[in-house]
Amino acid sequence: MTVLRRSILTLTATAVASAVAFGAVSPAKAEEVTLRLHQFLPAQATVPQTVLIPWIEKVQAESDGRITIQHFPSMQLGGKPPELIDQAKDGVADIVWTLPGYTPGRFPRTEVFELPFIMTNAEAVSRAYWEMAEKHMMDTDFKDLKILATWVHGPGIIHSSDPIMTPDDLDGVKLRAPTRITNKMFASLGATSVGMPIPAVPEALSKGVIDATVIPWEVTGPLKTSELVQNHLEFGDASLYTSTFVLAMNKDTYDALPDDLKAVIDANSGLEFSAMAGRATQDGDAPGRAIAEDLGNTITVLSPEQVAVWQEAAAPIVDEWIAEISEQGIDGAALVDEARTLIEKYSN
């Protein structure tokens, strides 16, 4: 929080306290709070519709209307998606929904869930992500934030102008990937990897800046991806990758809440909310896939044998990540083992 914002809040709190003492306002009125939630997707996209807006409504109802949350989709408070984390840290917004991967290298432990073929389903991985975040990340990666939820999206799909079946088909393809790990993976497989926030994808596809993108089905509807490219590659029961999300709150804003309102936020945070968010996000894949089907696009589902070729080609990325993160004093091998164990536990 900036010094100016902190000073304003302090002055406001002092003024309200004085007003309460002299009977000008009621104590209940003094404890009403307005929070601003900022995020990068249109309000009609899956996550806003099935996760964020219901969460806002639930928090407001359970606070008896004392918490008001203003929702600002599509970066309406200004800035670009990679700036959201700092907006939460600095108090430009009170709460943000974003990808840690939009700020490469800043949240290294979250990347374990973005490694190739570690994903099973979004609910199970989101549970594992929250458990590992509590154990390993709250005092390290996320020390400057109050993390309310952690989740991932459903299986990442390759959407392309020309058909892609094997890693060799990526040679020379200009492909947008969402995070440092996914960009690194696709570059190693022969693609020309192009990093950009997801709102920039439609224009980049329409202008030929990129030939392909990897995103889950659930965002293809709002982005009109299936109208811009006609080929889609799925990996059967496996998942090539996923991306990690956080719902993060400004620490000072949270700390300034009265205890009963903190309790409302806490009751709507954590493991079960993260799991629900992951499940809801993956449930949004079916409508996106249906749009591609209705358009007559080509959806290719790889066989287990074909998937094995991709798994073998992508495997070195895991070893490289372990070596790289270990140089930062983090036991990458232990994180991978723990993530796989937890994902298996929650997937059964």
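Every read-out reported here was derived from the displayed coordinates using simple, explicitly stated rules and does not represent laboratory data. This structure is a prediction, so every number in the text was calculated from the model and none was measured. With ideal geometry, Cβ positions are generated from the backbone for all residues, glycine too; neighbour counts draw on all protein chains shown.
The modelled label-to-label distance for the pair residue 224/residue 306, using points 7 Å beyond Cα in the direction of Cβ, is 2.9 nm.
Work out how much length residue 326 to residue 192 would gain on full extension: take 0.36 nm times their residue separation and subtract the Cα-Cα distance, in nm to one decimal. Please list the in-between numbers first.
Values: separation 134, 0.36 × 134 = 48.24 nm, distance 2.70 nm.
Length gained between residue 326 and residue 192: 45.5 nm.
From the cross-link list 58/262; 89/184; 146/262; 58/135; 135/184, which pairs have alpha carbons spaced over 23 Å apart?
89/184; 58/135; 135/184
Sparse packing (at most 15 other Cβ atoms within 10 Å of the Cβ) combined with a DSSP loop state is found for none of the trypsin sites (Lys or Arg not before Pro) in the range 248-298.
Once fully extended, how much extra length lies between residue 162 and residue 33, figured as 0.36 nm per residue of separation less the alpha-carbon to alpha-carbon distance? Write down the numbers at each step before the final one.
Values: separation 129, 0.36 × 129 = 46.44 nm, distance 5.13 nm.
Full extension from residue 162 to residue 33 adds 41.3 nm.
Size check on the range 149-251: the Cα extents along the three principal axes, sorted descending, read 45, 26, 23 Å. Note on residue 206 and residue 260: their simple-model spin labels are 5.1 nm apart, each label 7 Å out from Cα toward Cβ. For residue 138, the shell of other residues with beta-carbons less than 14 Å away shows a net charge of -1, using +1 for Lys and Arg and -1 for Asp and Glu. The residue 315 and residue 286 beta-carbon pair, evaluated with R₀ = 41 Å, returns a calculated FRET efficiency of approximately 0.85.
If exposed means no more than 16 neighbouring beta carbons inside 10 Å and the site is in a DSSP loop, what's the longest run of the chain without any exposed GluC sites (Glu not before Pro)?
33-326
Report, by chain and number, residues whose modeled amide H sits under 5 Å from the one on residue 35, excluding near sequence neighbours (fewer than 5 apart, same chain). For residue 35, the qualifying residues are 68, 69, 70. Modelled this way, with points 7 Å down the Cα-to-C-beta line, the labels at residue 90 and residue 341 are 4.1 nm from one another.
Average projection, convex hull of the Cα set of the range 71-161: 7.1 square nanometres. When you restrict to C-alpha pairs under 8 Å that are six or more residues apart and normalise by the size of the range 157-307, the relative contact order lands at 30 percent.
Between residue 80 and residue 143, what length in nm is gained on full extension when 0.36 nm per residue of separation is reduced by their alpha carbon distance?
Extra length from residue 80 to residue 143 when fully extended: 20.4 nm.
Annotation: aspartates and glutamates with alpha-carbon distance below 16 angstrom to residue 174 (same-chain offsets under eight excluded): 162, 203, 211.
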